[in-house]
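Only one structure is covered here, and it is reproduced in the block below.
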Amino acid sequence: MGHPTNPGCSASLDASKLKITLSETLKPLQPIETLQFGKTFSDHMIVATYDPAVGWSAPEVKPYGPIALDPASSCFHYGGNAFEGLKAYLGPDGEARLFRPDLNMRRLERSCARLALPPIDGDAVLELVKRLVNIEKRWMPEESGYSLYIRPTIIATRPGLAVTASDHALLYILASPTGPYFPQGLEAVSLLAVSDNVRAWPGGTGSHKVAGNYSPGFLPQIAAAQQGYDQILWLFGEDRRITEAGAMNFFVVVKRDDGDGLDLITASLDGTILPGVTRASCLALAGDPEFQKETSLRLHPQEKLYTMSDLVKWSSEGKLLEALAIGTAVIVGPCNRIGYEGKDIVIPGNGLGPVGTALRKKILDIQEGRTNWQGWGVVCS
Ligand SMILES: *Cc1c(COP(=O)(O)O)cnc(C)c1O
């Protein structure tokens, strides 16, 4: 990757060394209707530490709870924190499945490298994720749309205020039972196009899942909410390029001039876009002849630079058919209007259109193990 990594010569993370200390009392399960994203956590977590003298410790399953850290730890001062988000679903066969977790693990390795955190073996993290999922199986709701959200996190724990790479790290993996991402369920979200604050920029860290990308977005998000919008559509540059929606990738469906079906358009991975697993999956499905056949949709997936003026033009010509927010938490969600320069670009329909519906259904079918697709569903046992 060209990024210098710490010279740690010692033990790599070894999932086979997992120590298991189970909780003596298990928490009561919560009625699924009351689940809110990321609010409830399961009984256990997995932790492992990296010390430059010995490398990665034996990972341990232990009761979920607070962790004690030196207040001078690098993560508290300089934002050393890389994370992932993936879901485990219970299939009709009773097996827990992950969705393309190898992509999350490669991304975690890249995020750690970008922050010069100690090197981590994503395959070992995946092994640990599977072990945690199996231990926490009672937390997996059987209902469609519900799952166990898994949050592997690696933080910089070098004690001391020197502004330098951390040679110590802590890995922890949390599990949180979860339902629909937006409180209003699958109803459409409204977006406010914002250009005076930017989420990511060329040469920055927007293409990595690192904590520092998120908190600068909270203040603009509050301002957008005060204007009556659910999420921000992040723009970039003088030409108002469309990048992402909140912490999700963004797609539009546009009717083609040549009458040959529909374009499914999203921004290309130019360094300002988070390379989402859901994004990659939607692009792959849209271009797949078998998917097109089973959905009777003629789709042309396109990763390219497009701007607000394109959007305004497509909308005025009646060609803008769907706008979609995409990510692990939401899967595929509809957007109904985009506030821009004091006006709203209105997306026709309310709720998911045909393309959003077909993509969401296919991805959920794969995630929940109702169909096999190119090895995308990975069984945990
Ligand atoms: C995680 C994330 C996404 C979605 O990625 P998935 O792998 O599909 O969950 C999109 N944008 C941002 C900024 C993200 O952090």
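The values are calculated or read from the model by the stated rules, or taken from the named source; none is laboratory data. Computed from a prediction, not measured in an experiment: that's the story for all the values here. Counting neighbours? That spans all protein chains shown, and the Cβs are built from the backbone with ideal geometry, glycine included. SASA here: full protein model, heavy atoms, side chains in, ligands and nucleic acids out. Shrake-Rupley method; radii C 1.70, N 1.55, O 1.52, S 1.80 Å.
Once Lys and Arg get +1 and Asp and Glu get -1 on their Cβ, which of 285, 305, 223 lies farthest toward the positive end of the dipole of segment 189-368? Most positive-ward Cα: 223. Listed by chain and number, the lysines placed with their C-alpha closer than 24 angstrom to that of residue 343 are 255, 313, 319; residues fewer than eight positions away on the same chain are left out.
Considering only the other residues whose Cβ falls under 9 Å of the Cβ of residue 47, what net charge follows from Lys and Arg at +1 and Asp and Glu at -1?
Working: positive: 62; negative: 60.
It works out to a net charge of 0.
Residues considered: 278, 371, 328. Largest GNM mean-square fluctuation over the chain, using C-alpha springs under 10 Å, is found at 371.
Might you tell me the accessible area per residue for segment 189-368, computed with a 1.4 Å probe and given in Å²? Intermediate values should be presented prior to the final figure.
Working: 7350 Å² over 180 residues.
About 41 Å² of surface per residue is accessible.
What FRET efficiency would be calculated for the residue pair residue 37, residue 162, taking the C-beta separation as r and a Förster radius of 30 Å, to the nearest 0.05? Don't skip to the answer; put the middle values down first.
Values: r = 36 Å, r/R0 = 1.22.
It comes to 0.25.
For residue 371 and residue 72, the FRET efficiency from 1/(1 + (r/R0)^6), where r spans their Cβ atoms and R0 equals 35 Å, is about 0.10. Which links in 209/362; 17/87; 27/362; 17/130 stretch past 22 Å when you go from one Cα to the other? Correct reply: 209/362; 17/87; 27/362.
Solvent-accessible area of segment 214-362 (1.4 angstrom probe, protein heavy atoms only): carbon and sulfur portion equals 52 percent.
The accessible-area ordering, largest first, of the residues 365, 102 stands as 102, 365, per a 1.4 angstrom probe.
Here the 3J(HN,Hα) profile of segment 212-224, calculated from phi with Karplus coefficients 6.51, -1.76 and 1.60 at θ = phi - 60°, is x, 6, 9, 5, x, x, 5, 5, x, 5, 5, 4, 5 Hz, Gly and Pro shown as x.
Projecting the Cα atoms of 45, 160, 149 onto the charge dipole of segment 15-178, computed from C-beta unit charges around the Cα centre, puts 160 farthest toward the positive end.
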